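Engineer: Mind having a look at this structure? Questions to follow.
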Amino acid sequence: MAEGEVRSERRRRARIAVVVVWSARIVGLLSIFSVFAPAARRRLEPMAWFGLPVEASLVGTVILATAGVGLMLLATGLRRRKRRAWQLAVLMCVVIIASHALGRHPIPPLCVAVVLLIGLLLTRREFDAVPDSVGRFVAVRLVVQLLAAGFVIVSAMLFFVRPSFLVGRPSPGEKFAHAALSLIGVEGSVEFRLDWYDDLTAAVGLSFGIGALLLGGYFLLRSAEPRPQLSAEDVAGIRALLDRHGAADSLGYFALRRDKSVVFSSSGKAAVAYRVVTGVALASGDPLGDVEAWPGAIEAFVGRCRRFGWVPAVLGCSETGARVWAREAGLDALELGDEAVVDVATFSLQGRAMRTVRQAVSRIKRAGYETTARRLHDIPETELATLRACVARWRGGPDERGFSMALSRAADAAADPEAVLVVAALEDTPKGILQFVPWGTEGLSLDLMIRDPAVTENGLNELLITDLLAACRGLGVAQVSLNFAVFRSALERGERIGAGPVARLWARLLRIASRWWQIETLYRFNARFAPAWVPRFLVFDAVRDLPRIAVAAFEAEGYGGRPPALLRLLRK
């Protein structure tokens, strides 16, 4: 299929998904409204608990309302063209049609539901996203566990209650039936003297029922989240691309993280490395390889996302990369921040602008600190083992921050022989470490910045960076990429004289956020070295996906996310 035909087919499928999604939402909404239609209210007496029609407590109407809500919730899965969402949507349509036909509900929702069902059946081949292979087993287990727990708790509330709370002497069978019906919001035969206890048992049962429905639906519809891994063949392919085109992107080497997967173009001349987090396929930086072959890698990546129902997103790509992503995949781009790149040839500690850095470096040197900057293949393994132990001890735990600009391993000469390690020592004891990964053959990109928490002197990081820049000529390095400053331009605009109220407010909010995420701190620190600011972008499919992408990015970067217990459950 030609490139133009591929894009045309992609647009056609996107239009079909949009029509089906909105149709599902409309049918679901109309079904919910029909439960409380005036005709229904005229036929039934008011319900005391919710102040809604009694019909809302009947089994048939509960099923209708549940199907309507379920159809609205399924819209997201239908938008990702998930096969399992399509199957459930068909089931919900059948339930809604049957409920309307048998329950004499308003006719318009019935007609719309019939049209949606026909549309779903005609477009069944469009919904081909592969579901999570273990999702249905987890969903069934959770539903059974929650329903059983709710049934036991409500039964206990009925059996171990004071007799004065109940009207008459209901049999054990009636109590069990009442507990079971409470899970779906239906009132049983047990009557209560106290309204608040009646409401409490109903609320407990319905809460477990709704929880089972929502959690079961989530795990049933969730996208597959495979364990990220790079095979030996993948690593060899990535290294070959980096050898030929590694100078194009300072983030390229981070594709060798061990918690990433990779997809290559059909020609093998380009690739996209990514990791799946909460249903979002997060890539970082530009595609690897020849720019002319990027479209093939992008097509393969987007195709894989479509196949598994993932949301595609790219963190920190360049302006050129953002343009290619937008052109080839129809994605949108948002400026995320700026990368600080220092030119070794022009960097100097002289001048008024560098006074603060110069003083910090002089002060820390007077305290007796010394540095060394060497490539890993030049450092003895015994020393590397000592430095790895220092990094693990200073980090204080398994949690690590960084994804788009972090390699997730330190002082590994076997895997990264050309990486540069800068060590600050006091009386031959390591106190601070920087690790830089190769950026082509004449550049370095900051990977790790860590220090002994016991160090109280200021200026240690300034010493490490300036001594690295001084050693770059001997290492054959012409440019060095430092930290990434998120929303740097927004902070800078907010500081300008004459900045508007919106710019000042946005800058102020970023400063408040800096108390937790060091947004302004990193910007100020990077600015000390007079770098060139290179804009980086976030690439995404739709604005509605941004909150989900933000959650995935936070988890990938190590700033929070799902608890370990949930992750273990998802990966079983």
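Engineer: Chymotrypsin sites (Phe, Trp or Tyr not before Pro) within segment 122-175: which are DSSP loop residues with at most 12 other Cβ atoms inside 10 Å?
Structural biologist: For chymotrypsin sites (Phe, Trp or Tyr not before Pro) across segment 122-175 that sit outside H, G, I, E and B with at most 12 neighbouring Cβ atoms in 10 Å, the list reads Phe160.
Engineer: Further, regarding this structure: So which GluC sites (Glu not before Pro) in segment 148-246 pass both tests, a DSSP loop state and at most 14 other Cβ atoms within 10 Å of the Cβ?
Structural biologist: Loop-located and lightly packed - Glu191.
Engineer: What is the distance in Å between the Cα centroid of segment 497-537 and that of segment 265-295?
Structural biologist: After rounding, the separation between the Cα centres reads 29 Å.
Engineer: Still on this model: In cubic angstrom, how much convex hull volume per residue do the alpha carbon atoms of segment 246-352 span?
Structural biologist: 134 Å³
Engineer: Using only the Cα atoms, work out Rg/Rh for the chain, with Rh taken as the Kirkwood radius, to two decimals.
Structural biologist: 1.08
Engineer: Moving on to the next point. If the only charges are +1 at each Lys and Arg Cβ and -1 at each Asp and Glu Cβ, what is the size of the charge dipole of the chain around the Cα centre, to the nearest 20 debye?
Structural biologist: Using Cβ point charges on Lys, Arg, Asp and Glu, the chain gives about 1360 debye.
Engineer: Can I ask one more? Assuming 0.36 nm per residue, please report the length gained on full extension of the stretch Val115 to Leu349 beyond their Cα-Cα distance.
Structural biologist: Separation in residues times 0.36 nm, less the Cα-Cα distance, equals 77.0 nm.
Engineer: Please state, rounded to one decimal and in Å, the Kirkwood hydrodynamic radius that segment 73-173 gives when every pair of distinct Cα atoms enters the mean of 1/r.
Structural biologist: By the Kirkwood definition, the hydrodynamic radius is 17.3 Å.
Engineer: Dipole of the chain (Lys/Arg Cβ +1, Asp/Glu Cβ -1, origin at the Cα centre): which of Leu331, Phe537, Thr201 lies farthest to the positive side?
Structural biologist: The residue sitting farthest along the positive end of the dipole is Thr201.
Engineer: Apply the Karplus curve 6.51 cos²θ - 1.76 cosθ + 1.60, θ = phi - 60°, to the phi angles in segment 442-454 and return the couplings in whole Hz, x for Gly and Pro.
Structural biologist: Here the 3J(HN,Hα) series is 10, x, 10, 10, 5, 10, 9, 9, 8, 9, 5, x, 6 Hz.
Engineer: To the nearest 500 deg cm²/dmol, what mean residue ellipticity at 222 nm is calculated for the chain from DSSP H runs of n ≥ 4 alone, each contributing -39,500 (n - 2.57), summed and divided by the residues?
Structural biologist: Here the helix-only value at 222 nm equals -17000 deg cm²/dmol.
Engineer: State which helices in the chain qualify, where a helix is a whole DSSP H run, it must extend 27 Å or more along its own axis by its Cα atoms, and its mean Kyte-Doolittle hydropathy must be at least 0.5.
Structural biologist: What comes out of the filter, once short or polar helices are dropped, is 59-79, 83-103, 135-159, 195-221.
Engineer: Per residue, how big is the convex hull around the C-alpha atoms of segment 373-431? Give it to me in cubic angstrom, could you?
Structural biologist: Measuring per residue, one finds 95 Å³ for the Cα hull of segment 373-431.
Engineer: Viscosity 0.890 mPa s, temperature 25 °C: Stokes-Einstein D of segment 341-529 from its Kirkwood Cα radius, in µm² per second?
Structural biologist: For the chosen part, D equals 138 µm²/s.
Engineer: Once you wrap a convex hull around the alpha carbon atoms of segment 161-250, what is its projected area averaged over all directions, in nm²?
Structural biologist: That works out to 11.6 nm², a quarter of the Cα hull's surface.
Engineer: Given Ile379, Val18, Ile298, which one lies farthest toward the positive end of the charge dipole of the chain, if we put +1 on the Cβ of every Lys and Arg and -1 on the Cβ of every Asp and Glu?
Structural biologist: Sorting the options by dipole projection puts first Val18.
Engineer: Hey, which lysines would be in cross-link range of Lys269, C-alpha to C-alpha under 22 Å, not counting anything within fewer than 8 residues on its own chain?
Structural biologist: Within the straight-line limit of under 22 Å, Lys269 reaches these lysines: Lys260.
Engineer: Modelling each spin label as a point 7 Å along the Cα-to-Cβ direction, I'd like the Thr429/Thr382 distance in nm, to one decimal.
Structural biologist: Spacing of the two 7 Å Cα→Cβ label points: 2.0 nm.
Engineer: Continuing with the same structure: In debye, nearest 20: dipole of segment 403-458 around its Cα centre with unit charges on the Cβ of K, R (+) and D, E (-)?
Structural biologist: Here the size comes out at about 160 debye.
Engineer: Place a +1 charge on the Cβ of each Lys and Arg in segment 341-529 and a -1 charge on the Cβ of each Asp and Glu, then give the dipole magnitude about the Cα centre in debye, rounded to the nearest 20.
Structural biologist: 1120 debye
Engineer: Taking amide H atoms as placed 1.01 Å from N in the peptide plane, list the residues 5 or more away in sequence, or in a different chain, whose amide H sits under 5 Å from that of Arg536.
Structural biologist: Leu336, Gly337, Asp338, Glu339
Engineer: Using Cα-Cα distances under 8 Å and only pairs 6 or more residues apart, what relative contact order does the chain have, in percent?
Structural biologist: Rounded, it is 13 percent for the chain.
Rule-based calculations on the coordinates, nothing more; no lab input. Computed from a prediction, not measured in an experiment: that's the story for all the values here. Heads up, the Cβs are rebuilt from the backbone with ideal geometry, glycines too, and the neighbour counts pull from every protein chain shown.
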